[in-house]
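The values are calculated or read from the model by the stated rules, or taken from the named source; none is laboratory data. Only a predicted model underlies this, so the values are computations on that prediction, with no experimental measurement involved. With ideal geometry, Cβ positions are generated from the backbone for all residues, glycine too; neighbour counts draw on all protein chains shown. For accessibility, only protein heavy atoms count, side chains too; no ligands or nucleic acids. Shrake-Rupley method; radii C 1.70, N 1.55, O 1.52, S 1.80 Å.
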Amino acid sequence: MNKENVEFFKATLSSVVRDGIADLLRFIEKSDFYTAPASTRFHGAFEGGLLEHSIQVYNCLMKKKHIEGTVWHDVLSDVSDESIAISALLHDLCKTYFYSVEMRNKKVDGSWIQVPSYRVEDKIPYGHGEKSVMMIEEYIKLTPVERYAIRWHMGPYSGERDWSTLASAMDKYPLVMALFEADMEASHLIEK
C-alpha cells in the first residue's frame with residue numbers, strides 16, 4: 001500500500017465539508033479500497049491500483065478545470081473543487097469488496113509457477129456507477145451534478161441502450177463527460 005497515496009486521498013476528502021464525510025472515510029479505511037486493484041487485468045491490476053487510479057482521475061479532472069484557455073476551464077468553472085474531489089476520488093467506490101485473489105499457473109523461464117491474480121466476486125450486484133452512488137449516499141448526500149457524473153462515468157461503456165440517456169445527462173451536466181474523459185485518460189494514457 002502506497003502511504004503517500006493514502007494520505008493524499010484522506011487529506012483531499014477530509015477537506016470536503018459535508019455531513020457524514022468522516023463516516024465515509026472510516027468505511028473506506030476499514031475496507032479494501034486502499035489495497036484493491038482497479039481491474040483484473042487491464043489498468044491498475046495490482047495491489048493499490050484502485051487508489052492510484054482514483055487519484056489519477058482526480059488529477060486529470062483538476063487539470064481540466066484549472067488550466068486556463070481550455071474548453072473545460074470555462075465549462076467546469078461553476079463546478080466546485082469539492083464536487084471534483086468527490087466525483088473523481090469516489091467514482092469507483094463500487095469496486096470496494098469487488099475482487100478476490102486466486103492462484104493461476106504462469107510460465108516463467110520455461111517453468112510453470114503459481115502466481116496470484118484477481119477475479120471479480122461481486123457481492124453487491126447493483127451495476128457500476130449506480131452502485132458507487134448508492135454506496136456513497138449511505139454516508140453523504142451527493143449534489144445532482146456529483147450523482148450524475150458518478151452514475152454515468154463509464155460513458156458509452158454503460159451499454160448501447162443507455163446512449164440517449166447518457167447524452168441527455170452530458171448535456172445537463174458537462175461534468176459527466178469530463179469525468180468520463182478523465183477516467184479514460186487515466187486508465188488508457190497515464191496508467192498504460
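Output the pairs from 10/95; 95/123; 65/131; 65/172 with a Cα-Cα distance over 21 Å in this structure; if there are none, say none. Mind showing how you got there, number by number?
Working: 10/95 18 Å; 95/123 10 Å; 65/131 26 Å; 65/172 17 Å.
Pairs exceeding 21 Å: 65/131.
Measuring with a 1.4 Å probe in the full set of protein chains, what accessible area per residue, in whole Å², belongs to the chain? Numbers along the way, then the final one.
Working: 10290 Å² over 192 residues.
Ligands and nucleic acids excluded, the result is 54 Å² per residue.
Work out, step by step, the length gained on full extension between residue 126 and residue 160: first 0.36 nm times the residue separation, then minus their alpha carbon distance; give nm to one decimal. Don't jump to the answer; show the numbers that get you there.
Values: separation 34, 0.36 × 34 = 12.24 nm, distance 1.82 nm.
Length difference between fully extended and current span is 10.4 nm.
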### Query
Ranked from highest to lowest mean number of other Cβ atoms within 10 Å per residue, what is the order of the peptides 14-21, 49-56, 185-192, 79-86?
49-56, 79-86, 185-192, 14-21
### Task
Assign unit charges at the C-beta atoms only (+1 for Lys and Arg, -1 for Asp and Glu), then state the dipole size of the chain relative to its Cα centre in Debye, rounded to the nearest 20.
480 debye
### Query
Along the charge dipole of the chain, which of 37, 6, 143 sits closest to the positive end, that is, farthest toward it, with unit charges on the beta carbon of Lys, Arg, Asp and Glu (+1, +1, -1, -1)?
37
### Query
Arranged from highest to lowest average of other beta-carbon atoms within 10 Å per residue, in what order do the peptides 109-118, 170-179, 33-42 appear?
170-179, 33-42, 109-118
### Query
For the stretch 114-140 and the stretch 19-92, what is the separation of their Cα centres, given in Å?
15 Å
### Query
What percentages, rounded to whole numbers, describe P(r) for the stretch 1-102 computed over all alpha carbon pairs with 10 Å bin width beginning at zero?
15, 45, 29, 10, 1
### Query
In straight Cα distance, which lysines are under 25 Å from residue 106, not counting same-chain residues fewer than 8 positions off?
192
### Query
With +1 on each Lys and Arg Cβ and -1 on each Asp and Glu Cβ, how big is the dipole of the stretch 63-131 about its Cα centre, in debye rounded to the nearest 20?
500 debye
### Largest-first principal axis extents of the Cα set of the stretch 84-192 (Å)
56, 30, 28
### Message
Taking every pair of distinct Cα atoms and averaging 1/r, then inverting, what Kirkwood hydrodynamic radius in Å comes out for the stretch 23-164?
### Response
16.7 Å
